[in-house]
Amino acid sequence: NQDALDLREASEGWGTDETKMAKCIVCRLPETIELTDQIYRRNYGRSLEDQIRGENHTLLGLLTGSMTNFGKFLCYRAMPQAKRDSLLIHKCMAGWGCSDFILMEILSTRTNQELKDAAAAYAEDHDGEDMVERIKSETGGFGKKWYGLWCDTLVEFDRDEREGVQGDPAAVAQELYDAGEGKWMGCDEQPFIDHLCKANDETVAAIVAAYDANENSQKSLFQAVEDKMGGDLEFAVLARIRPKPIFFAYRIYKACKGWGTDEECIGRVIACITKKECELMEAAYQDMYKDEEAPFNNFREVIKSELSGSFLEAIEMMMDTTSPKGHRVQMKHYPVYADQAAKYFADEVKAKHNEGEMRTIGTSDLDGCFQLCGFLDPNDLFICRDYDYGLDPARDKFEAPARAPDLMEETPADLEAAEALIEKLNEVLGDVEGQIATKEGDKSGFEANLHLTCHEFKTTDHLLNQYRSDNVNMLEFCASRDADLVNEAVVGWGTDEAKLIRVLCALSKTQLRRVNEIYTERYGKTLREVTDDELGGFFEGDFKYFMKCCLTPEAELDAELLVESMKGWGTNDTLLCEIICTRSNKELKAAKAIFLEKEGKPLEQWVDGDTSGSYQDFLMACLKADRDESVAFNWKVCETRAEMIHNVLEGTSEYSTLTTFLPRMNVKAIEQMKKKYYEKYGVDIMADIKEKGSGDWQKILLARCYDKPSYYAHALMGAMKGWGTDETALSRIIGRTSKGDLKRIEARFQAMFDGQTLSAAITSEVGGNFKKALLTYLSTEAPGAPEEAPAE
């Protein structure tokens, strides 16, 4: 969302913010760009490619339609690979002739499936035209027989993609020697086509190595191809036998060497590879051309010498920055790496398998951490140990059966008794042998399945660890970016309130804390301080108060609200009861500590001075922060408590009696007490409290007897009911509450008030930035919400 918005902002008005645009494209992995493109299409009705094309024409290009190389580079990065390859293949065959270098860049470096996807995209983009047939028609003809055959073989899209070296590389190397370097004149191209076009990368590398080791050869395979072939076929064969990083490094070198610079080639090559492949290409370049004169002996220096402006900045950005996930590996490779880790682990388990240790584990309680032979600490088996779950054992714990001990209690007295005993022993023996055979079968099945089970466990463990690491890194990236966005919103003349709402009100409490830490470190102010300074105005006081409630840590906000409830003339007993009667022991203790630090005297002294009587006694009892927070309860006691509350509400007992039990009563016990109240008196206790409770004691009973979602739903409706709206109550309840708890409050609000949604109620009561902030906080769960607040 935020990337889509940044790209939109970079394109608005006069000129283009090319740096911002480049950051959103070249610093992202392909799957992130694809997602941004989907969001951009949804929000703005254009693809990223279309937007970039419209913003990156030269002055002459405004008349001719041509793009800058910077624009082409971003377009290539923004396009899905299949669409991009389709475009490049069409481009290289458009007009007179065919740009075979571009064609080989694609056909020699893509997988079978990637090429099939490109062919499908080509047909879709060009009225059903067959890409394969078009390539065949463009690459054959006079003087191009062997190159045409090479291309015909490549476009069958059935290259060997099995793992490992296939066939006999030494024999193939000898055949290639005989067909090329070994011939006195000319070259037999067919063996090169037969053996190199469809071999997998490992096999090609093995053939190259075997050729170098061939005692007959005086050259490397690369040199032999350059000497014996020429033109397009030479380039095509070299593109196939060179590893991808070396091939791409070679293309960059050629684009920079000589008169002029082929900037389009540089942009195309780098745009079409991943960040990881770019790293490998740079390393290959450094090794291949280290003996060249400066600047050609250093990849970065040659790029700097040949490019400039936004184009150079974008290339350097691509090379130097990692993705928001903290690495350069695409998600499509995650299963591959997880499978490799799982295979290694499963093989290690198989190697360490031990009969004796297996018996020891099998006779254990089978209750605890998953155990395997040869691993001393079961906790070391998996990376993500805090994501364990219960797993039922495949069989019961082994118990050695009793083997008819009564048969051998005494020695047989005669031959007949001895024969009878032998018969019974043979029966038992047959039974034992049958059980052994069954157990041996179970053991064989278990051992066969163990390898698969361990592979499955480790695959899941590896993937979970990767996703968890990605999530941590993404959150840190978003927090850093959001801190900068807040600064953008407040620097200069005026304040961009819409951006502040979009960024800050979309975040969870945890993420807000991290953004605050980064902002404070980077800009010297807390988020609370900067919003206090920047927000205000006659009509924006409620918005400012809400932002204060959102951005202030919970304990600190509670301490401020407690001061607010008792400062000046009179006491806001609704607010006082809301805090003291609904907070946990931990929350109350934290608020009391901050209150003491800021006001110089204990909270209890303030409460003592602003309240009186049994009401004061109840609040003081709650302030001890020693409420039972277990889930234990006693039905009989709950029934007695229900009777005591009923007597108070009926006027036959004093409210002061409630202080003896209600301040310490746990939530579970209160729920059971409410059930007993209904069973005995046929009415809901909360309805009785609203009807018969009086004054401040009604506030206490509502705060203490409602569960939290119900209490806050009731309080929110109270803030909007009747004439006028209590904006401060809306602000503090919604702003202080976490988004997870707020979802529960929303659901309870709708259930309690005839299906009315909280969003609809807020929309009808407030307006301006205050409304936008409330609705964004209610409805948005991630950084970078759409510009408009979510519809209610």
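The values are calculated or read from the model by the stated rules, or taken from the named source; none is laboratory data. It should be emphasised that the depicted structure is a prediction, and the values quoted were computed from it without experimental measurement. Please note: Cβ atoms are built from the backbone with ideal geometry, for glycine as well, and neighbour counts cover all protein chains shown. Side chains are part of the model used for accessible areas, which takes the heavy atoms of the whole protein and leaves out ligands, DNA and RNA. Shrake-Rupley method; radii C 1.70, N 1.55, O 1.52, S 1.80 Å.
Which residues, taken from the stretch 664-673, are part of a loop (DSSP other than H, G, I, E, B) and open to solvent by 70 Å² or more (accessible area, probe 1.4 Å)?
Of all residues in the stretch 664-673, those part of a loop (DSSP other than H, G, I, E, B) come to 664-666.
The answer is Arg664, and nothing else.
All of (1) at pLDDT 90 or above; (2) open to solvent by 10 Å² or more (accessible area, probe 1.4 Å); (3) hydroxyl-bearing (Ser, Thr, Tyr) hold for Tyr519 with one exception: (2). Do we find that Ser310 is hydroxyl-bearing (Ser, Thr, Tyr), in contact with a Pro (Cβ under 8 Å, 6 or more places away or on another chain) and part of a helix (DSSP H, G or I) in this structure? Answer is no for this residue.
Kindly indicate which of Ala437, Ala417, Ala448, Ala413 is among the hydrophobic types (A, V, I, L, M, F, W, C) and modelled with pLDDT under 75. Give the derivation first.
Numbers: Ala437 fails: modelled with pLDDT under 75; Ala417 fails: modelled with pLDDT under 75; Ala413 fails: modelled with pLDDT under 75.
It is Ala448.
Return the residues of the stretch 275-289 that are buried (at least 16 other Cβ atoms within 10 Å of the Cβ) and within 34 Å of the chain's Cα centre (by Cα); say none if nothing qualifies.
Going through the stretch 275-289, the residues buried (at least 16 other Cβ atoms within 10 Å of the Cβ) turn out to be 275, 277-278, 280-282, 284-285, 288-289.
Correct list: Lys275, Glu277, Cys278, Leu280, Met281, Glu282, Ala284, Tyr285.
Just checking, does the stretch 331-352 include any residue being hydroxyl-bearing (Ser, Thr, Tyr) and open to solvent by less than 40 Å² (accessible area, probe 1.4 Å)? Yes, the stretch 331-352 contains a residue that is hydroxyl-bearing (Ser, Thr, Tyr) and open to solvent by less than 40 Å² (accessible area, probe 1.4 Å).
For the stretch 144-163, a residue qualifies if it is over 30 Å from Val336 (Cβ atoms) and open to solvent by less than 80 Å² (accessible area, probe 1.4 Å), and the qualifying residues are Lys144, Trp146, Tyr147, Gly148, Leu149, Asp152. Does the stretch 565-594 hold any residues that are without any contact (Cβ under 8 Å) to a residue 60 or more places away in the chain, over 41 Å from the mean Cα position of the chain (by Cα) and surrounded by fewer than 21 Cβ atoms within 10 Å (Cβ to Cβ), and which are they? Within the stretch 565-594, Met566, Lys567, Gly568, Trp569, Gly570, Thr571, Asn572 meet the criteria. Residues of the stretch 753-782 that are crowded, with 16+ Cβ neighbours inside 10 Å, among the hydroxyl-bearing types (Ser, Thr, Tyr) and farther than 17 Å from Asp496 by Cα: Ser759, Thr763, Tyr777, Ser779, Thr780.
Considering the stretch 583-624 alone, what residues qualify as being β-branched (Val, Ile, Thr), at pLDDT below 95 and part of a helix (DSSP H, G or I)?
The one that is β-branched (Val, Ile, Thr), at pLDDT below 95 and part of a helix (DSSP H, G or I): Val607.
One residue alone among Leu87, Leu103, Leu74, Leu62 is open to solvent by 10 Å² or more (accessible area, probe 1.4 Å), at pLDDT 90 or above and either farther than 22 Å from Glu316 by Cβ or not in a strand (DSSP E or B) (or both), and that residue is Leu87.
Could you check, for the stretch 318-330, whether at least one of its residues is part of a helix (DSSP H, G or I), open to solvent by less than 70 Å² (accessible area, probe 1.4 Å) and within 27 Å of Asn473 (Cβ to Cβ)?
We begin by selecting, within the stretch 318-330, every residue part of a helix (DSSP H, G or I); these are 318-320.
Add one more test, that the residue is open to solvent by less than 70 Å² (accessible area, probe 1.4 Å), and what stays is 318-319.
From what is left, the residues that are within 27 Å of Asn473 (Cβ to Cβ) are 318-319.
Looking for residues that are part of a helix (DSSP H, G or I), open to solvent by less than 70 Å² (accessible area, probe 1.4 Å) and within 27 Å of Asn473 (Cβ to Cβ), one finds at least one in the stretch 318-330, hence yes.
Counting only residues that are among the small types (Gly, Ala, Ser) and farther than 22 Å from Tyr250 by Cα, the stretch 184-230 holds 4 of them.
Which one of these is under 60 Å from the mean Cα position of the chain (by Cα) and at pLDDT below 80: Ala400, Ala404?
Working: Ala404 fails: under 60 Å from the mean Cα position of the chain (by Cα).
Just a single option satisfies the conditions, and that option is Ala400.
Would you confirm whether any residue within the stretch 453-468 is assigned to a helix (DSSP H, G or I), without any contact (Cβ under 8 Å) to a residue 24 or more places away in the chain and open to solvent by less than 70 Å² (accessible area, probe 1.4 Å)? Checked against the condition, which is being assigned to a helix (DSSP H, G or I), without any contact (Cβ under 8 Å) to a residue 24 or more places away in the chain and open to solvent by less than 70 Å² (accessible area, probe 1.4 Å), the stretch 453-468 yields at least one hit. Considering every residue within the stretch 434-448, establish whether at least one is among the polar types (S, T, N, Q), closer than 30 Å to Val336 by Cα, open to solvent by 60 Å² or more (accessible area, probe 1.4 Å) and out of contact with any Gly (no Cβ under 6 Å at 6 or more places or on another chain). Yes: one or more hits. There is at least one residue in the stretch 625-635 that is part of a loop (DSSP other than H, G, I, E, B), in contact (Cβ under 8 Å) with a residue 40 or more places away in the chain and exposed (fewer than 15 other Cβ atoms within 10 Å of the Cβ). Of all the criteria given as (1) open to solvent by less than 60 Å² (accessible area, probe 1.4 Å); (2) over 30 Å from Ile246 (Cα atoms); (3) within 28 Å of the chain's Cα centre (by Cα), the one not satisfied by Ser364 is (3). Taken as a whole, the condition of being in a helix (DSSP H, G or I), within 25 Å of Arg513 (Cβ to Cβ) and either hydroxyl-bearing (Ser, Thr, Tyr) or at pLDDT below 95 (or both) does not apply to Leu774. The residue that is nearest to Met331 (Cα to Cα), among those in the stretch 19-56 that are assigned to a helix (DSSP H, G or I), open to solvent by 50 Å² or more (accessible area, probe 1.4 Å) and basic (Lys, Arg), is Lys23. Here the stretch 477-492 is the region considered, the condition is being more than 18 Å from the chain's Cα centre (by Cα) and in a helix (DSSP H, G or I), and the residue that is nearest to Asp3 (Cα to Cα) is Leu485. Being open to solvent by less than 60 Å² (accessible area, probe 1.4 Å) and either in a helix (DSSP H, G or I) or among the small types (Gly, Ala, Ser) (or both) holds for only one residue in Thr495, Thr531, and it is Thr531.
So, Tyr545, is that one aromatic (Phe, Trp, Tyr), in a helix (DSSP H, G or I), open to solvent by 10 Å² or more (accessible area, probe 1.4 Å) and out of contact with any His (no Cβ under 6 Å at 6 or more places or on another chain) or not?
Yes.
Leu551 fails exactly one of the following numbered conditions: (1) within 23 Å of Cys705 (Cα to Cα); (2) surrounded by 19 or more Cβ atoms within 10 Å (Cβ to Cβ). What is the number of that condition? The single condition Leu551 does not satisfy is (1). Among the residues of this structure, Leu557 does not count as one that is farther than 30 Å from Val503 by Cβ, of a type outside the set (Asp, Glu) and modelled with pLDDT of 95 or more.
Taking the stretch 135-158, which residues are among the basic types (Lys, Arg) and under 15 Å from Val237 (Cβ atoms)?
If we filter the stretch 135-158 for residues that are among the basic types (Lys, Arg), which is where we start, we get 136, 144-145.
Those that are among the basic types (Lys, Arg) and under 15 Å from Val237 (Cβ atoms): Lys144, Lys145.
Considered as a group, the residues in the stretch 292-317 that are crowded, with 16+ Cβ neighbours inside 10 Å and under 16 Å from Ala249 (Cβ atoms) include one that is farthest from the chain's Cα centre (by Cα), and that residue is Phe296.
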